[in-house]
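Structure, as structure tokens:
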Amino acid sequence: MGSFITMVVILAILVIIFFLLLTSYQVVVKRQESVKDRLDRFVATQAKGGMGAEGSVAGEAIGDLAKKSELMQNIGTIITPEKIKEKITAMLSAADIPLRATEFMAGIFFLSTLPLIVVCLLLKRLALGLMIAAVFGYSPFIWVAMKKAKKRQMFAGLLLDTLGIISNALKAGYSFMQAIELITRESPYPMSTEFKKVLRENAVGVALETSLENMAQRLENDDFDLLVTVVLIQREVGGNLADVLDQISETIRERIKIKGQIVTLTSQARMGGYVITGLPIMLGLAIFALNPDYFVNKFLLADVNGFKGWYSLVFCGLMMGAGALIIKKITDIDV
């Protein structure tokens, strides 16, 4: 009972300190309000004056949403170092997630802190609460990585068609910038949105070479890196870019064919890895469904000479993860 009271007191002190820091930060931010914020508020006031009753309600809803977003940004600014903020911004931009880095980190903070408090107060188990908080806190990064992987896969599938559009546009007399504008109109997501970013950067004074390099960093696609290299060289020394793009298209087509053959040859090993990794998980769920009392009290929460039952689950999870990574490395062959 004494340890539980101590844990509650520590959590309460941490919450109080955090809100004191948040309040002081908001005071400083209001004193250092930028010109852009004042102009945005002035524009919102003018727009609100010209709206009717429905527009006024919509404006109030948007204002409430902006206040919530400002609170999330303030919380995220307190807990996010500047160097990490730049990396998270690049990660969110690569996944096309319309969130600021501070908002994303504030969401992770709440997503990990709330389960920790609930588990500590209800179950009185700090170690279990920390484990659950770590899982919930890391899950948004897994979600972002999955979105990035899906986007890159879609981009790779559209790259050949895009090269054909650029090559045909150049042969028809278009400039390279006009060919990019054609892609933004004709190509589907994510090809159109990525080239729109290139045009927006170019419109505000960023060099085309730099914009293309930024796009290559977001996508991390070897075939597109080849395209960017060719375009940069052509802009420096000249040459027939349309013919070079046709040759690149043929090279990419052959690489895709080889990758397909590799996927076919390694499918058995990958499927074996999925089965071996998923079998213990499915077996544990089956035991829990058949006899939950045995699984929870006799195994998960059992204590044998100080050794907890869930320690074995953590160890098995780490070993399964290591095995899955090894199988993935063996079957992942670069072309």
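The values are calculated or read from the model by the stated rules, or taken from the named source; none is laboratory data. A quick note: this is a predicted structure, and the numbers were derived from the prediction, not measured. Don't worry about glycine lacking a Cβ; one is built from the backbone with ideal geometry, like all the others, and counts go over all protein chains shown. Ligands, DNA and RNA are excluded from the accessible area calculation, which covers all protein heavy atoms including side chains. Shrake-Rupley method; radii C 1.70, N 1.55, O 1.52, S 1.80 Å.
Solvent-accessible surface of the range 89-198, taken per residue with a 1.4 Å probe and all protein chains present: 51 Å². Taking the Cβ-Cβ separation of ASN305 and ARG125 as r and a Förster radius of 25 Å, what is the calculated FRET efficiency to the nearest 0.05? E(calc), rounded to 0.05, equals 0.85.
Per the 1.4 Å probe, what fraction of the accessible area of the range 195-335, in percent, lies on carbon and sulfur atoms? Exposed carbon and sulfur together represent 65 percent of the surface. Sparsely packed loop sites in the range 173-230 (the trypsin sites (Lys or Arg not before Pro) outside DSSP H, G, I, E and B with at most 16 other Cβ atoms within 10 Å) do not occur. If you stretched the chain out fully between SER93 and MET177, how much longer would it get, using 0.36 nm times the residue separation minus the C-alpha to C-alpha distance? Stretched fully, the SER93-MET177 segment lengthens by 28.0 nm.
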